[in-house]
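> Sharing a structure here in structure tokens format.
Every read-out reported here was derived from the displayed coordinates using simple, explicitly stated rules and does not represent laboratory data. Computed from a predicted structure; not experimentally measured. Counting neighbours? That spans all protein chains shown, and the Cβs are built from the backbone with ideal geometry, glycine included.
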Amino acid sequence: MIKVQNLAKVFGTKRAVDGVSFSVNRGEVLGFLGPNGAGKSTTMRMITGFLPPSGGSVSVGGFDIVEHPIEAKRLMGYLPENAPAYTDMTVYGFLNFTAEIRGLRGDARKQAVSRVVEMCFLGAVLHQSVETLSKGFRHRTCFAQSIIHDPDVLVLDEPTDGLDPNQKHEVRQLIRRMGEKKAIIFSTHILEEVDAVCSRAIIIDRGRIVANGTPQELRQRSEWAGAVTLRVKGVVASAVTAKLYQVPLVKKVTVVDDKDGHVTVRAFPKSSGNGALAQAIGEAAHEWQIEQLHSEEGRLDDVFRSITMPDTAKEAA
Amino acid sequence: MNSWRNVWTITKRELAAYFTSPLAYVFIVIFLLLCGFFTFFVGGFFERQEASLVRPFFDWHPWFYLFLVPAVGMRLWAEERRVGTIELLLTMPITAWQAIVGKFLASWLFLALALALTFPVVITVNYLGRPDNGVILTAYVGSWLMAGAYLAISCITSALTRSQVVSFIISLVVCLFLILAGFPPVINVIEQVSPKLVDLVTFFSVMTHFEGFQKGVLDSRDILFFLSVIGFSLFTTSVILRTHRAG
Ligand SMILES: Nc1ncnc2c1ncn2[C@@H]1O[C@H](COP(=O)(O)OP(=O)(O)OP(=O)(O)O)[C@@H](O)[C@H]1O
Ligand SMILES: [Mg+2]
């Protein structure tokens, strides 16, 4: 549904987006990650036709956004960053207006408005002026606007920003459910959302894609992936590390904690993946009193840090 | 067909926006007070001993509009940019032209309403004497066209900035030039410098082109002048909106 090829955007001398290519099919939810200023919003603005690209192309449902903007925009719903909405209107007036401009008339429009009011829990503020809405409600109003015409393609720039935990949960559920039938791109700074919602994630840094894969695949790239944490009682730390270094699969062992006779160590495998390391360590440690033994899955925030800030991530490790 | 529907949707929204803020009412009241005051007291309506509206009433319009029209037009795009709704508007399945024309029409209709509300003045004149209502009508048409030209210029300045105040000041200055280019004291100065320039300079003045309407003459060249100012300004607005986004 969405095909982005070699997309670039130059602001003055700054390359905000620099050769980004990816595609999103129907039934996919693509998470868009990256540090502040990476170029996520700029990419989305080009996909939705707000900013003209400096280079490359975007096609939505087969329509090029520059050549056939109206057809492409018709297929798309867009929640811009910061969720702007006309402050001089009521929530109801605003939704009515966006439905009308999307070409919905008469009964179809009424139904569309009441559908999104229900989906986004806007009933209580329906006749309140947008200007006086709390941030979360304004966000929901703008989100409602983006799905009012039940589009095939959704572009959401930080859709859960400013929502309370319950609403965050609702919106994630909604995105996941809609993602079964639509093509969705959404950006976020909350890494759990990637796990909860995305079928695929892209990490973008300084305008370039630096990682692209399923959340599972990304996690594998963490140096933690497959690491085993072991806590034992009644042994000195040096004895534990010495013993673990004899296990063939182990690359490195670090002492995490050593207090009151409880020793916690972490062993990193030579090749990441599979649970063989945990097994081997369990056997090596069988004569000690094991309090805890578990295998790390790899953590997305780790991957995120090591990819987007390679230098500081190493220092911390 | 469809495109006029989109234009009308935008126009309706903008019109509604005017009336949800007190600005619209304040504007209309000020406009009517100014009209009444200048016509009957400053314009010397009663001293003229004739029931004519044209001079005492319409002569002031270019000057009223100088302040009032930029105030009506300043929020059109500046507010949209400040709040960020321009990103919504321009990612809707409409063309930038439809949005520009829709917004312009809304403000122009609003000005038409303000102008129409001066009808008590016309009634008063008709009560006091026998004015030529045909002339009054053409003068109204001319006044509205002139307001449209000012307004289109305000559209440009509004698209240039996210600050309404800046927009107001710039369009006031530009409109002032359009008046002064045909203002007798200024023309006298130009005439002394270079008599050949006078025709050229006055051609660009709204005063010159408004003059005909006030005499009851509907000259196609005058109408064309105002319409081209509007067309050209709206086109410039579209260029500005595009280049702004091009970064
Ligand atoms: N209109 C503009 N003019 C000049 N530079 C811009 C403009 N818009 C964005 N930029 C620059 O482009 C870069 C990318 O910005 P963008 O908003 O896409 O980042 P982002 O990934 O969305 O960040 P965040 O996580 O903070 O939302 C930034 O360095 C920003 O300063
Ligand atoms: Mg952003």
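> Let me confirm something: among B:Gly148, B:Gly102, which residue is within 14 Å of chain A (Cβ to nearest Cβ) and surrounded by 20 or more Cβ atoms within 10 Å (Cβ to Cβ)? Let's see the steps before the verdict.
Working: B:Gly148 fails: within 14 Å of chain A (Cβ to nearest Cβ).
Step by step, each of B:Gly148, B:Gly102 is checked, and only B:Gly102 is within 14 Å of chain A (Cβ to nearest Cβ) and surrounded by 20 or more Cβ atoms within 10 Å (Cβ to Cβ).
> Picking from B:Gly129, B:Gly142, which residue would you name as being crowded, with 21+ Cβ neighbours inside 10 Å, in contact (Cβ under 8 Å) with a residue 60 or more places away in the chain and farther than 29 Å from A:Ala144 by Cα? It would help to see each step written out before you state the result.
On the way: B:Gly129 fails: crowded, with 21+ Cβ neighbours inside 10 Å.
Just one listed residue meets the conditions, B:Gly142.
> Further question: Could you list, ordered by first residue, the pairs with Cβ atoms under 9 Å in which the first is in the stretch A:119-130 and without any contact (Cβ under 8 Å) to a residue 12 or more places away in the chain and on the phi < 0 side of the Ramachandran plot and the second is of a type in the set (A, V, I, L, M) and surrounded by 15 or more Cβ atoms within 10 Å (Cβ to Cβ), at least 6 apart or interchain?
Hits for this filter: A:Gly123/A:Val117.
> Can you confirm whether the stretch B:147-155 contains a residue that is more than 16 Å from B:Ile230 (Cα to Cα) and part of a helix (DSSP H, G or I)?
Filtering the stretch B:147-155 down to residues more than 16 Å from B:Ile230 (Cα to Cα) leaves none.
There is no residue in the stretch B:147-155 that is more than 16 Å from B:Ile230 (Cα to Cα) and part of a helix (DSSP H, G or I).
> Next up: Considering only the stretch A:225-258, how many residues are more than 20 Å from the chain's Cα centre (by Cα) and either assigned to a loop (DSSP other than H, G, I, E, B) or crowded, with 16+ Cβ neighbours inside 10 Å (or both)? Reasoning before the result, please.
Restricting attention to the stretch A:225-258, the residues satisfying the condition of being more than 20 Å from the chain's Cα centre (by Cα) are A:226-258.
Add one more test, that the residue is either assigned to a loop (DSSP other than H, G, I, E, B) or crowded, with 16+ Cβ neighbours inside 10 Å (or both), and what stays is A:226-232, A:234-237, A:240-241, A:243-244, A:246-250, A:253.
Here the count works out to 21.
> Determine whether the stretch B:56-64 contains at least one residue that is of a type in the set (D, E, K, R) and within 14 Å of another protein chain (Cβ to nearest Cβ). Break it down into steps so the answer makes sense when it comes.
Residues of the stretch B:56-64 of a type in the set (D, E, K, R): B:59.
Those still in the list that are within 14 Å of another protein chain (Cβ to nearest Cβ) too: none.
Among the residues of the stretch B:56-64, not one is of a type in the set (D, E, K, R) and within 14 Å of another protein chain (Cβ to nearest Cβ), which makes the answer no.
> If you don't mind, another one. Just give me the residues in the stretch B:158-204 being more than 17 Å from B:Tyr65 (Cα to Cα), in a helix (DSSP H, G or I) and among the β-branched types (Val, Ile, Thr), in sequence order.
Matches in the stretch B:158-204: B:Val166, B:Val186, B:Ile187, B:Val189, B:Ile190, B:Val193, B:Val198, B:Val201, B:Thr202.
> Right, something else. Would it be correct to say that A:Ala16 is out of contact with any Pro (no Cβ under 8 Å at 6 or more places or on another chain), within 14 Å of ligand 2 (Cβ to nearest atom), more than 12 Å from chain B (Cβ to nearest Cβ) and under 24 Å from B:Gly84 (Cβ atoms)?
Working: out of contact with any Pro (no Cβ under 8 Å at 6 or more places or on another chain): yes; within 14 Å of ligand 2 (Cβ to nearest atom): yes; more than 12 Å from chain B (Cβ to nearest Cβ): no; under 24 Å from B:Gly84 (Cβ atoms): yes.
Taking the combined requirement at face value, the residue does not satisfy it.
> Working carefully through the options A:Thr87, A:Thr98, find the one that is facing chain B (nearest Cβ under 9 Å) and farther than 20 Å from B:Ile94 by Cα.
Values: A:Thr98 fails: farther than 20 Å from B:Ile94 by Cα.
None of the other options fit; the residue is A:Thr87.
> Something else about it: Considering only the stretch A:35-49, state which residues are in contact with a strand residue (DSSP E or B) (Cβ under 7 Å, 6 or more places away or on another chain) and near ligand 2 (Cβ under 9 Å from one of its atoms). Before you say what the answer is, go through the steps one by one.
Let us first name the residues in the stretch A:35-49 that are in contact with a strand residue (DSSP E or B) (Cβ under 7 Å, 6 or more places away or on another chain), namely A:35, A:38-44, A:46-48.
A:Ala38, A:Gly39, A:Lys40, A:Ser41, A:Thr42, A:Met44, listed by residue number.
> Restricting attention to the stretch B:144-160, and to residues there that are of a type outside the set (Gly, Ala, Ser) and under 8 Å from the mean Cα position of the chain (by Cα), which single residue is farthest from B:His209 (Cα to Cα)? So that I can check it myself, show each step before the final result.
Filtering the stretch B:144-160 down to residues of a type outside the set (Gly, Ala, Ser) leaves B:144-146, B:150-151, B:153, B:155-157, B:160.
From the residues that got through so far, the ones that are under 8 Å from the mean Cα position of the chain (by Cα) too are B:144-146, B:150-151.
Working: B:Trp144: 12, B:Leu145: 10, B:Met146: 9, B:Tyr150: 13, B:Leu151: 16 Å.
By that ranking, first place goes to B:Leu151.
> Further question: Report yes if some residue within the stretch B:211-228 is free of Cβ contacts under 8 Å to residues at least 40 places away in the same chain, among the basic types (Lys, Arg) and either touching an Asp or Glu at 6+ places or on another chain (Cβ under 6 Å) or assigned to a helix (DSSP H, G or I) (or both); otherwise report no.
For the stretch B:211-228, residues free of Cβ contacts under 8 Å to residues at least 40 places away in the same chain, among the basic types (Lys, Arg) and either touching an Asp or Glu at 6+ places or on another chain (Cβ under 6 Å) or assigned to a helix (DSSP H, G or I) (or both): present.
> Sticking with this one: What helices (runs of 4 or more DSSP H), lying completely within the stretch A:1-106, carry at least 3 residues that are away from ligand 1 (no atom under 16 Å from the Cβ)? Walk me through how you get there before you give the answer.
Details: elements: A:40-47, A:69-74, A:91-101.
Per the criteria, A:69-74, A:91-101.
> Picking from A:Glu193, A:Glu158, which residue would you name as being within 16 Å of ligand 2 (Cβ to nearest atom) and touching a helix residue (DSSP H, G or I) at 6+ places or on another chain (Cβ under 8 Å)?
On the way: A:Glu158 fails: touching a helix residue (DSSP H, G or I) at 6+ places or on another chain (Cβ under 8 Å).
Of the residues listed, the single one that is within 16 Å of ligand 2 (Cβ to nearest atom) and touching a helix residue (DSSP H, G or I) at 6+ places or on another chain (Cβ under 8 Å) is A:Glu193.
> Is it the case that the stretch A:106-118 has a residue that's within 23 Å of B:Met92 (Cα to Cα), within 13 Å of another protein chain (Cβ to nearest Cβ) and in contact (Cβ under 8 Å) with a residue 12 or more places away in the chain?
yes
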